[in-house]
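Colleague: Sharing a structure, written as C-alpha cells. Questions coming.
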Amino acid sequence: MPARPPGRGDSPSATPGKWLVTAAVSVGTLMGTIDASIVNVALPDIQASFGVTVTEATWISTAYLIAIVVILPLTGWLGSMVGRKRVYQAGLAVFTGASVLAGMAPSLPALIAARVLQGLGAGVLGPTEQAILRETFPVGEQGLASGLYGMVVLLGPTIGPLLGGWITDSYTWRWIFFINLPVGILAFSMVATILRDTPRMGAAQAGFDFVGIGLMAVGLSSLVIVLEQGNRWDWFQSPLVWGLSLASGSGLLLFVLWEFYGTRTPAVDLRILGNRALASAWVSIGVVGFGLVGGLLMQSLFLQQALGYTATQTGLQFFPRGLVTMIVTPAAGVLTAIVGPRPIVALGMVLAGWVMFLMSGWTLDAGPVQILFPMVVLGLALSLLIVPLFASGITAVEPRKATSAAGLMNLMFQLGGTFGTATLATLLERGTTLAHARLVERARPDSPAWTQVVQQFSTLAVVRGGVDATTGQQLALAALDRVITGQAAVISFEHVFQVAGLLFLASLLVMPFLPGRSRGTRTGTLSADL
C-alpha cells in the first residue's frame, strides 16, 4: 500500500506544495485533453495536404481514441509496477515526442502511427493526475481536488476547437502538433522537480497479464472502430462492421471472464466495480460523456452547417461555456464535499436535460443571444456533473486503488462520448433524410402554394439574373431544394437534442445509488452516508 503522504488529513497549511503539484500535473493533462479535439478542426487541411478522402482522414482521430481507451484501464497496473510519478513522466515524454513526429509526418500512415503513440501517452495522464491529487490534498479538500481536475477535463474540449482553428488559419496544421513541444518540456520539468514518487511493487509482484491485456485491446479497439466508422460503412449493412462487432463482443466477454477467473494478477481490477458508489458514478459518467461529446458535435455541426459559421467563429461561441466552467468547477468541488454528490449531480442532470430541450428550439434564424444562453447554462450543468461524479467514484475506493478507479471512470467517459458521437450523428443523418423526404412530398405541382412560390422564385431569377424562363424555373427549384434541405436539418437537429435531453433526465434514476454526504475518517479515506 502506498505510503501516506505528509500532511494527508491535516490542515491545509501542512501541505504547502499542493498547489505546485496541481499545476505540475494539470499542464500535461490539459495538453492531452485539448489534443483530443484540436485535430478535428484541422482535418480538412490535413486531407488536402495528403490528398486523401474524408474517411481516410478521420482515422487520425480514431487512432488517437483507440490508443486512449486501450491504455486507460491499465493505468492502475502501470502505477503499481513503476510508480505514479514515473508513469506520468513517461506519458508526457511519449506524448511530446509523438507530437513532434506527427508534425513532421510525411504521409497519412505516418501521422496515424504518431497519433497512436500520442494517445498512449495522453491516456495515462488523466487517471494518474486524479490519483496524485487524491494523495496530495487533505481529506477535507478532496472535493476541491476533483473540481480542479474537472476544470481541466471540461476546458480541453472548449479550448481545442478555438485554438485549432486559429493555428490552422494563421499557420499550418503541423503547428497544432509542434506547439506541444515547449508545453510538454515545461510539464515534464515541473513534474520531475515537484512530484515525489509513490512506492511500487515492481514487475515481479504486479505480474504481466498478457492474455487479459490482449483480449482487452482487441475488444476495445474493435468497439471504437465500429462506433467511429460504422456510420460511414452503413453500419450492419457492412460485413466488416459485423466482424468487428463480433470481435468486440467476444473479446470483451472473454476479457471479463479471464480477469475474474483466469489469472491471479489481473491487469485491470474489475472487482472494484462491485462498490455501489463507484458503479453508479461509473454509469452516470458514461451518460455525461454521451451528452457532452455527442452534444458538442451536434452544437458544432449546427453552427457550421446550418448557420454557416466558420471554425474560428464556432470556437468563439464555445468560449463563454468554458469561462463559466473555469469559474464554477472548483466551487462545485467544494460544494460537493459539503453536501455530497447526490443533490449536485441531480441538479446538473436536470439543467443539462433542460438546456438540450432549449437547443432543440434553435432555427435558422437563431441569433447570438439564443445561442449564448444555452451554452452558458450547459457550462454550469457540466461543472455540476463532472466534479461530483469523479469525486464520488475515486473516493469510494481505498487510496491504493484510486488510479484503477480513475482509469475505469475515464474509460467510461471516453466510451460514452464515442457512443454519443456515433448515435447522435447517425440519428442526425437519417433524420435529415427522412424529414427531407416528408417535406418533398408536400412540394407537389398540384399544390397552389408550391406553384406560387416556384413562380415567384422563377420570376426573380429571370428579372434579376437575366436568364430564360426554363433556366429560371430550374434555378428556382434548386433554391427551394436548398431551403427544404435546411429545414429538414433543423427538424433533425431538434429531435437529436431532444434525445440527448431525455437521456440526461432518465439518468436521474441512478441518483439514489450515489453516496450521500461524505465525511473524513481516521484512515484518510472517505466514507459515505448511504
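Colleague: Can you find even one residue in segment 402-421 that is over 16 Å from the mean Cα position of the chain (by Cα) and either outside any helix (DSSP H, G or I) or charged (D, E, K, R) (or both)? Reasoning before the result, please.
Modeller: The first filter runs over segment 402-421 and keeps only residues over 16 Å from the mean Cα position of the chain (by Cα), leaving 402-405.
With either outside any helix (DSSP H, G or I) or charged (D, E, K, R) (or both) added as a condition, the list becomes none.
Scanning segment 402-421, I find no residue that is over 16 Å from the mean Cα position of the chain (by Cα) and either outside any helix (DSSP H, G or I) or charged (D, E, K, R) (or both), so the answer is no.
Colleague: Would you pick out the residues in segment 102-135 that are in a helix (DSSP H, G or I) and surrounded by fewer than 24 Cβ atoms within 10 Å (Cβ to Cβ)?
Modeller: Step one: filter segment 102-135 for residues in a helix (DSSP H, G or I), giving 102-104, 108-123, 125-135.
Correct list: Gly103, Met104, Leu108, Pro109, Ala110, Ile112, Ala113, Ala114, Val116, Leu117, Leu120, Glu135.
Colleague: Please determine whether any residue of segment 318-331 is under 17 Å from Leu133 (Cβ atoms), surrounded by 23 or more Cβ atoms within 10 Å (Cβ to Cβ) and either at pLDDT below 85 or over 22 Å from the mean Cα position of the chain (by Cα) (or both).
Modeller: Yes, some residue in segment 318-331 is under 17 Å from Leu133 (Cβ atoms), surrounded by 23 or more Cβ atoms within 10 Å (Cβ to Cβ) and either at pLDDT below 85 or over 22 Å from the mean Cα position of the chain (by Cα) (or both).
Colleague: Regarding Val334, is this residue assigned to a helix (DSSP H, G or I) and of a type outside the set (Asp, Glu)?
Modeller: yes
Colleague: Restricting attention to segment 367-386, and to residues there that are surrounded by fewer than 17 Cβ atoms within 10 Å (Cβ to Cβ) and hydrophobic (A, V, I, L, M, F, W, C), which single residue is farthest from Leu323 (Cα to Cα)?
Modeller: Val369
Colleague: Could you check, for segment 387-401, whether at least one of its residues is modelled with pLDDT of 85 or more, crowded, with 21+ Cβ neighbours inside 10 Å and in a helix (DSSP H, G or I)?
Modeller: Yes - at least one qualifying residue is present in segment 387-401.
Colleague: Residue by residue through segment 477-518, note down the ones that are part of a helix (DSSP H, G or I), farther than 16 Å from Ala425 by Cα and among the small types (Gly, Ala, Ser).
Modeller: Ala478, Ala479, Gly486, Ala506, Ser507
Colleague: Evaluate the following for Ile285: is it assigned by TED's automatic domain parsing to the domain that holds Leu503, at negative phi and free of Cβ contacts under 8 Å to residues at least 12 places away in the same chain?
Modeller: no
Colleague: Follow-up question, since we're still on this one. Find all pairs meeting these conditions: Cβ atoms under 8 angstrom apart; at least six residues apart or on different chains; first residue within segment 80-109 and at positive phi; second residue surrounded by fewer than 19 Cβ atoms within 10 Å (Cβ to Cβ).
Modeller: If the second residue must be surrounded by fewer than 19 Cβ atoms within 10 Å (Cβ to Cβ), the pairs left are Gly83/Asp197; Gly83/Pro199.
Colleague: Restricting to segment 259-271, and then to whatever is surrounded by 20 or more Cβ atoms within 10 Å (Cβ to Cβ) and hydrophobic (A, V, I, L, M, F, W, C), can you tell me which residue is modelled with the lowest pLDDT?
Modeller: Among those that are surrounded by 20 or more Cβ atoms within 10 Å (Cβ to Cβ) and hydrophobic (A, V, I, L, M, F, W, C), it is Ala267.
The values are calculated or read from the model by the stated rules, or taken from the named source; none is laboratory data. The model shown is predicted, which means the values in this text are computed figures rather than measured ones. We place every Cβ from the backbone using ideal geometry, glycine too, and count neighbours over all the protein chains shown.
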